[in-house]
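Colleague: I am attaching a structure below and will ask some questions about it afterwards.
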Amino acid sequence: MITVMTHMDADGVISLSLFLKKIGGARIRVYFTSPVQLRDTICHSVIQRRDLGELYIFDLAGEHRAIFAAAMYDSVTWIDHHQWISEIELPHVKIIIDPKAKSAAEVAGRYFKIDSKLIDIANQIDTNNVREDMAEKIRMIIGALRWKYYGKELNIKLEKLARELMMEDFSLLEDYNEMIEGYENWLIQLKEKIRKETKFFNVKGIKIAIFETIEPVPVYVVSNVLSESEKVDLIVVLIHKISRGKPVTKMEFRTHTDVDVLKIAKFYGGGGHKKASGASVGDIVTIPEVLNAVDLLY
């Protein structure tokens with residue numbers, strides 16, 4: 001039995017597509033998850049199973065508890081491009097990290113010795129430097145799926161997309177056009193909301209833009225809208241929600257300049273890259289708290 005856990009963004013989907021190419025499209029168990037949910041996803045996956053077999057993890061930063069949980073599998077291959085270091089060495093857990101790579105798909109392609117147009121598409125999307133129509137379409141499809149579906153249904157839809165991308169027959173993506181149209185209409189409203197509701201601050205000469213919301217939003221859209229006027233040193237997206245009856249704040253950090261946003265993500269227990277990072281906090285994080293953190297860290 002092969003189990004795959006991967007991020008539910010374009011890089012995670014494409015990494016899965018490359019792995020499916022490697023194994024010839026065989027049936028596997030797939031879980032789309034996030035760095036914050038990874039340990040719980042691993043634990044959930046092993047319930048009532050004796051033969052765990054192989055586990056592959058893509059595009060998800062790890063920490064010691066998630067690594068120990070993954071070690072319940074017979075063998076683990078963990079491929080990522082975020083900036084983190086495993087302080088745990090286990091003989092059956094292989095961790096391949098290249099923070100210089102533009103995407104986890106790039107690392108996966110190199111590891112599996114696969115040359116594919118999908119890798120360049122993942123690089124474009126994950127660095128928010130989309131140059132080609134097909135890269136933009138794939139980004140829009142994944143955004144639309146995450147906008148329309150959730151839970152198990154989203155998991156099924158994302159795996160289906162990964163299998164379609166595996167074949168690199170991009171004509172199959174035409175079936176998503178109607179859904180993309182509805183998503184684009186929602187994006188128009190979202191962009192207007194970003195323009196009206198984003199708050200700007202200046203701390204120690206660092207220009208900060210903070211956008212608060214109670215619904216999931218594509219962070220690249222926030223970044224791109226804010227870039228219409230002038231470059232921002234620190235973009236903060238605060239997504240407030242209730243999880244299992246308790247408040248949670250998902251935090252995303254981006255920059256248009258050279259400010260290291262990984263520094264503040266680590267402060268809140270998260271990770272990522274110097275130009276794009278995130279964290280999740282089991283409480284309501286307020287704007288004054290964020291400003292105080294910037295004052296402390298920079």
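Colleague: Going residue by residue through region 238-246, is there one that turns out to be buried (at least 18 other Cβ atoms within 10 Å of the Cβ) and closer than 25 Å to Thr127 by Cα?
Modeller: Of region 238-246, the ones buried (at least 18 other Cβ atoms within 10 Å of the Cβ) are 238-239.
Now drop any that are not closer than 25 Å to Thr127 by Cα, which leaves 238-239.
Among the residues of region 238-246, at least one is buried (at least 18 other Cβ atoms within 10 Å of the Cβ) and closer than 25 Å to Thr127 by Cα, which makes the answer yes.
Colleague: Right, here's the next one. Which numbered condition trips up Leu238, out of (1) farther than 23 Å from Leu262 by Cα; (2) of a type outside the set (Lys, Arg); (3) assigned to a strand (DSSP E or B); (4) touching a Phe, Trp or Tyr at 6+ places or on another chain (Cβ under 8 Å)?
Modeller: The one condition Leu238 does not meet is (1).
So that you can scan it fast, the table gives a plain yes or no per residue for (1) in contact (Cβ under 8 Å) with a residue 40 or more places away in the chain; (2) in contact with a helix residue (DSSP H, G or I) (Cβ under 7 Å, 6 or more places away or on another chain); (3) under 20 Å from Lys113 (Cα atoms):
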{"site": "Met1", "(1), (2), (3)": "yes, no, no"}
{"site": "Met8", "(1), (2), (3)": "yes, yes, no"}
{"site": "Ser15", "(1), (2), (3)": "yes, yes, yes"}
{"site": "Leu18", "(1), (2), (3)": "yes, yes, yes"}
{"site": "Lys21", "(1), (2), (3)": "yes, yes, yes"}
{"site": "Val30", "(1), (2), (3)": "yes, yes, no"}
{"site": "Leu38", "(1), (2), (3)": "no, yes, no"}
{"site": "Val46", "(1), (2), (3)": "no, no, no"}
{"site": "Asp51", "(1), (2), (3)": "yes, no, no"}
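Colleague: Any residue at all in region 252-260 that is of a type in the set (Lys, Arg) and either in contact with a His (Cβ under 7 Å, 6 or more places away or on another chain) or at pLDDT below 95 (or both)?
Modeller: Checked against the condition, which is being of a type in the set (Lys, Arg) and either in contact with a His (Cβ under 7 Å, 6 or more places away or on another chain) or at pLDDT below 95 (or both), region 252-260 yields no hits at all.
Colleague: Taking the conditions exactly as written (under 20 Å from Phe201 (Cβ atoms), under 20 Å from the mean Cα position of the chain (by Cα), open to solvent by 70 Å² or more (accessible area, probe 1.4 Å) and of a type in the set (Phe, Trp, Tyr)), does Phe253 satisfy them or not?
Modeller: Spelling it out, it is not the case that Phe253 is under 20 Å from Phe201 (Cβ atoms), under 20 Å from the mean Cα position of the chain (by Cα), open to solvent by 70 Å² or more (accessible area, probe 1.4 Å) and of a type in the set (Phe, Trp, Tyr).
Colleague: Within region 256-282, work out how many residues are surrounded by fewer than 21 Cβ atoms within 10 Å (Cβ to Cβ) and either without any contact (Cβ under 8 Å) to a residue 60 or more places away in the chain or of a type in the set (D, E, K, R) (or both).
Modeller: 13
Colleague: Taking Leu158, is it under 25 Å from Glu178 (Cβ atoms), part of a helix (DSSP H, G or I), touching a Lys or Arg at 6+ places or on another chain (Cβ under 9 Å) and in contact (Cβ under 8 Å) with a residue 40 or more places away in the chain? Before you say what the answer is, go through the steps one by one.
Modeller: Details: under 25 Å from Glu178 (Cβ atoms): yes; part of a helix (DSSP H, G or I): yes; touching a Lys or Arg at 6+ places or on another chain (Cβ under 9 Å): yes; in contact (Cβ under 8 Å) with a residue 40 or more places away in the chain: yes.
Yes, satisfied.
Colleague: Here is a further query. In this structure, is Glu136 surrounded by fewer than 20 Cβ atoms within 10 Å (Cβ to Cβ) and in a helix (DSSP H, G or I)?
Modeller: So Glu136 passes the test.
Colleague: Hey, among the residues in region 110-119 that are touching a Gly at 6+ places or on another chain (Cβ under 9 Å) and in a loop (DSSP other than H, G, I, E, B), which one's least open to solvent (accessible area, probe 1.4 Å)? Steps first, please.
Modeller: To start, the set of residues in region 110-119 that are touching a Gly at 6+ places or on another chain (Cβ under 9 Å) comprises 115-116, 118-119.
Among the residues that remain, those that are also in a loop (DSSP other than H, G, I, E, B) are: 115-116.
Working: Asp115: 150, Ser116: 13 Å².
Across region 110-119, the extreme among qualifying residues is Ser116.
Colleague: May I pose another question? Looking only at region 241-278, count how many residues are assigned to a strand (DSSP E or B) and of a type in the set (Val, Ile, Thr).
Modeller: Of all residues in region 241-278, those assigned to a strand (DSSP E or B) come to 241-243, 246-254, 271-272, 276-278.
After this cut, where a residue has to be of a type in the set (Val, Ile, Thr) as well, the list is 242, 248-249.
Number of matching residues: 3.
Colleague: I'm trying to understand the selection: among the residues of region 186-227, which are over 19 Å from Leu262 (Cβ atoms), open to solvent by 30 Å² or more (accessible area, probe 1.4 Å), in contact with a helix residue (DSSP H, G or I) (Cβ under 8 Å, 6 or more places away or on another chain) and part of a loop (DSSP other than H, G, I, E, B)?
Modeller: Within region 186-227, just Pro216 meets the criteria.
The values are calculated or read from the model by the stated rules, or taken from the named source; none is laboratory data. In this text, all values refer to a predicted model and were calculated from it rather than measured experimentally. Cβ: placed from backbone, ideal geometry, glycine included. Neighbour counts: every protein chain shown. Note: areas computed on protein heavy atoms with side chains; ligands, DNA, RNA excluded. Shrake-Rupley method; radii C 1.70, N 1.55, O 1.52, S 1.80 Å.
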